[in-house]
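Structure, as structure tokens:
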Amino acid sequence: MNRQQAIKLLTESIVEAIRKRGEEAFVISLQKVPVITGALRNSGYEINIDNGMELGFRKPYASSVERGWSGGTINVPTYRKSKGTIVRAYSYFSPPREGQHFIEKSMTESFSKLNEEFDSQLRQRFRKVRKV
């Protein structure tokens with residue numbers, strides 16, 4: 001095995017380990033996300049990117065549920081309901097809220113096993129290289 005092959009083997013092992021831990025973190029986050037209507041949980045996504053994976057939740061309020069909210073005035077612009085009724089712009093005060101940290105907790109739980117996953121991926125790839 002030359003240097004380039006070794007680097008490729010290590011890189012693939014790292015990326016695959018990150019993806020496996022990320023997939024597990026996503027599943028755990030779906031279990032930990034607070035559910036009232038299910039809309040936030042249903043907005044969850046995971047996608048593979050070049051050197052790993054991305055996971056998150058698409059609802060605009062996902063960040064404030066995760067990190068918390070310091071409180072303040074919320075401005076709601078004028079909008080039209082599905083039946084055509086127009087609701088004029090209004091604002092209201094929203095009190096501070098503690099963050100739920102459901103993504104952070106799931107990442108911590110899953111990625112605590114990253115070294116083991118990397119070792120496993122590296123061993124699998126090394127066995128394949130030795131057989132060839």
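The values are calculated or read from the model by the stated rules, or taken from the named source; none is laboratory data. Not measured: the values here are computed from a predicted model. Reconstructed Cβ throughout: ideal geometry from the backbone, glycine too, with neighbour counts over all protein chains shown. Heads up: the accessible areas ignore ligands, DNA and RNA and are worked out on the full protein's heavy atoms, side chains in. Shrake-Rupley method; radii C 1.70, N 1.55, O 1.52, S 1.80 Å.
Some observations on this one:
- Residue match in region 30-45 (condition: within 30 Å of Arg125 (Cα to Cα) and at pLDDT 95 or above): yes
- Screening region 40-68 for residues that are in contact with a Phe, Trp or Tyr (Cβ under 9 Å, 6 or more places away or on another chain) and of a type in the set (A, V, I, L, M, F, W, C) and picking the one that is nearest to Met107 (Cα to Cα) gives Leu55.
- You will find that of Lys8, Lys32, the residue that is more than 11 Å from the chain's Cα centre (by Cα), touching a residue at least 12 places away in the same chain (Cβ under 8 Å) and surrounded by 13 or more Cβ atoms within 10 Å (Cβ to Cβ) is Lys32 and no other.
- Subset of region 86-101 that is touching a helix residue (DSSP H, G or I) at 6+ places or on another chain (Cβ under 8 Å) and open to solvent by less than 70 Å² (accessible area, probe 1.4 Å) - its residue that is farthest from Val65 (Cα to Cα): His101
- Verdict on Lys81 being open to solvent by 80 Å² or more (accessible area, probe 1.4 Å), out of contact with any Pro (no Cβ under 7 Å at 6 or more places or on another chain), under 30 Å from Val27 (Cβ atoms) and free of Cβ contacts under 8 Å to residues at least 60 places away in the same chain: no
- Any hit, region 58-73, residues being touching a strand residue (DSSP E or B) at 6+ places or on another chain (Cβ under 6 Å), among the aromatic types (Phe, Trp, Tyr), at pLDDT 95 or above and surrounded by 10 or more Cβ atoms within 10 Å (Cβ to Cβ): no
- Which listed residue is within 30 Å of Asn2 (Cα to Cα), open to solvent by 40 Å² or more (accessible area, probe 1.4 Å) and under 23 Å from the mean Cα position of the chain (by Cα), from Asn42, Asn115: Asn115
- The residues of region 118-132 that are of a type in the set (D, E, K, R) and open to solvent by less than 90 Å² (accessible area, probe 1.4 Å), listed by number, are Asp119, Arg125.
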